[in-house]
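Notes follow once the structure below has been shown.
What follows draws every value from the coordinates through simple rules; no lab data is involved. If you're wondering where the values come from, they're calculated on a predicted model, not measured in any experiment. Neighbour counts are summed over all protein chains in view; Cβ atoms, including those assigned to glycine, are modelled from backbone coordinates with ideal geometry.
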Ligand code: MOS
């Protein structure tokens, strides 16, 4: 039986209500003592060899007969009016097949993609498609744009001073923060400034579009193939069924690649105009000018506590710079929800600047908000004379502070214990005492809070034929996290086959089984139960076939290691003995994700401890070790999970030590849009990482899985900041902690 249910999902802090279709699900949950087979065993990535050998076809690798190259004319000015543009000259360039200028433009979500009043450097004015890149570049020159430059504001504080507010400031109040703050015996005030961090996925935004009659096929690097399909259908005036979106392999997105993006819409529009396939690939410079960033934020706190460090009041405000567009990422969510605190005021003011639009970036808001809060909390711990971990324990939230809801599971206290043990926290003052005059070591802690519960809608289809090699179909994309491998593991367990014997069809909207976007740390927790359910239904059918064949009751049979076995051990036959009888038929089944329990808070938690070494002569900070202990529920693939933790920590180190978008205030343009100037961490910056999970399967959630994509980046930078303060006695309040800032801090 299928039914429609109303469900609630928290997507990166925004509550979404959805109607979803779910099938009646008889799939039993794993029992606590039940062996879960390949689920929970480390597995290498199914697509690893294909990727590493170069055989994988990424979007930019797609080659179609007659395919054109597209280029975009972008404003060099932070704010301007286009006075003249020679579209005819561009059209006259040899090899040019399509030219789109302002006014004849496609749109995305109601906003024109090409305009004659660019509001930031890099804003698109016109787009061309030509037989080759050289002709496209010539056409851009032939456009000979003349601009009238206008005044602009790129500085966040100046934008705030001018009250360039984007959207509505938001305020949350709990209790009586003013009175509680006035009465608190221990108080700190602190201001933190977070930089704009650029996503820099290895693969820049790109798309290839091809029309055939009224059917549109688009390859696009996207975290949401169905979102891209919906965007393209609505902008091109097509039924969804006439738009096919393909994203088979992807080189990361980190939150900046939801939906079709301007690149896919422009490629589709140029393709329609030229009647040829069109490829549009952003250069690294374009990527970093226009494709999004983690919002810079100025966060201030006044925190009041009892003498034992028990929080009484938090007064927090944040100004965040969204550039041209974006939403108010939940930068004060940690202040609201990470700890128990009866009195709170949290005010967020998003401002508009003449810069490209912001985009979600791995734990948007929460990562930089945690970085600020966790250091302010250490300032409080120091003032109260309480050990930083002890302070966090004392303020542990037993229920969700914002909603008073029970958590489905929370093992944060265990995470503190385990991390402290693994890091040698009790010896941290000895570590500092061992420092010599020049080289100083220290250790710092930070907590992690995030959402990450999956939910419907998510659907999967499984089929198995005579070779007993199951085919799993899921309508989702793998942005590089290993979701596809985790899906194969889940199906393999139900069918008793090897993980590598499962073929996963994904990354294509023409596949069966509508799946979730890759974001909000929700993907696997959403899709895996649907895969398990489909796999289970196929398992039940196979066992019934085997029961007929071997004349044993199906309830006495199991599927394991490619065999049908009776529980009493008398029967052991290859699964192909059963499937071999299928001839050209398949046994098939579908599965869907059931809703989470209503009225409960689904959150992930964790704790990281950083050990750093600071060279006080050069200002260079090195992270020696990160201990990461997270509660993210059941781990499907420990190897994949560890890889997510490594990646999150490395990106957190980037934020803490080196990553920073620099804007020239005199021209309003980016000084460091390329990877030669914008520093990101490399393997040489990788510390020793000790990674553990305290999360046993969540008892309230399907398969017990919570999300993992975002949690590991959240506490890293805060822990590093606290470690630097522990090592040097100097609190740095502006990231990244470059040698210059460290030396300035040390100089007082
Ligand atoms: Mo994300 S920032 O949910 O990809």
Relative contact order as a percentage, the chain, C-alpha pairs under 8 Å and 6+ apart, gives 16
Taking 0.36 nm per residue of separation and subtracting the Cα-Cα distance, what length does fully extending residue 134 through residue 18 add?
-> 37.0 nm
Can you pull the one-decimal nm distance between simple spin-label points at residue 32 and residue 57, each 7 Å off the Cα toward Cβ?
-> 5.0
What is the order of 8, 563, fewest Cβ neighbours within 10 Å to most?
-> 8, 563
Grab the DSSP H runs of the chain that are 4 residues or longer, score each as -39,500 (n - 2.57), total them, divide by all residues and round the 222 nm result to the nearest 500 deg cm²/dmol.
-> -8000 deg cm²/dmol
Gyration tensor (Cα) of the range 616-748, equivalent ellipsoid semi-axes in angstrom = 32, 19, 13
Length added when fully stretched, residue 83-residue 548, from 0.36 nm per residue minus Cα-Cα = 159.4 nm
On a C-alpha basis, how far is the centre of the range 266-343 from the centre of the range 150-228 in Å? Whole number, if you could?
-> 3
Exposure proxy ranking, count of Cβ atoms within 10 Å, fewest first, for 512, 367, 683, 522 = 683, 512, 522, 367
Starting with the highest mean, order 541-551, 428-438 by the number of other Cβ atoms within 10 Å, averaged over the residues of each peptide.
-> 541-551, 428-438
What is the Cα centroid distance between the range 484-509 and the range 691-748, reported in whole angstrom?
-> 34
Name the shape class, rounded, prolate or oblate, that the alpha-carbon gyration tensor gives for the chain, where a ≥ b ≥ c are the square roots of its eigenvalues, rounded holds for a/c under 1.5, and otherwise prolate holds if a/b is larger than b/c and oblate otherwise.
-> oblate
Hey, can you rank 201-209, 695-703 by average C-beta count inside 10 Å, highest first?
-> 201-209, 695-703
Based on the mean of other Cβ atoms within 10 Å per residue, sort peptides 146-156, 526-536 so the most packed one is first.
-> 526-536, 146-156
Chain lengthening between residue 618 and residue 682 when straightened (0.36 nm per residue, less Cα-Cα) = 21.0 nm
Do you know the relative contact order of the range 422-543, to the nearest whole percent, from alpha carbon pairs under 8 angstrom that are 6+ apart?
-> 31
